[in-house]
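Structure, as structure tokens:
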Amino acid sequence: MTTLQIYEVLAVIYKNFGNPLSVDDIMGLMKGVSKRQLSRALEMLSDAKYIEGVLLCETLSAGDTEVIGENIEITLKGIEFIEVKLPKKTRKKLGIIGCFD
């Protein structure tokens, strides 16, 4: 999972601000991302407190973590990260320049 892929997951949640998403919703919007990649990205974003509503479930196979979530939303910290800390070039690449201007 690259940093850009993690930003892409956060951008999808950001663009849907106010509309909680499920893991399946995010997968539908993130064409080409595997469930394992998405689970890892959501886990990282949740650990960083950029999103909420993520439930982690340990699996029996190789200690992998499965993400379960029906009400995943971006937090104020996540919004601040996107709007203040992400470079304009990255925001433009993610299609989130002027989303709420």
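The values are calculated or read from the model by the stated rules, or taken from the named source; none is laboratory data. Predicted, not measured: the structure shown is a model, and the values here were computed from it. Please note: Cβ atoms are built from the backbone with ideal geometry, for glycine as well, and neighbour counts cover all protein chains shown. Accessible surface is based on the protein model in full, side chains and every heavy atom, while ligands, DNA and RNA are left aside. Shrake-Rupley method; radii C 1.70, N 1.55, O 1.52, S 1.80 Å.
Numbers at a glance
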read-out: Correct option for Rg and Dmax of the Cα atoms in Å [calculated from the coordinates] among (1) 18.9, 67; (2) 12.8, 35; (3) 13.1, 46; value: (3)
read-out: Mean ellipticity per residue at 222 nm, deg cm²/dmol - from DSSP H runs of n ≥ 4 across the chain, formula -39500 (n - 2.57); value: -12000 deg cm²/dmol
read-out: Accessible area of the chain belonging to carbon and sulfur atoms, whole % at 1.4 Å probe; value: 52 percent
read-out: Point-charge dipole on Cβ atoms (K/R +1, D/E -1) for the stretch 24-84, about Cα centre, debye to 20; value: 240 debye
read-out: In Å², nearest 10: area of Tyr7 left accessible to a 1.4 Å probe; value: 60 Å²
read-out: Accessible area of the stretch 1-53 divided out per residue, in Å², using a probe of 1.4 angstrom; value: 52 Å²
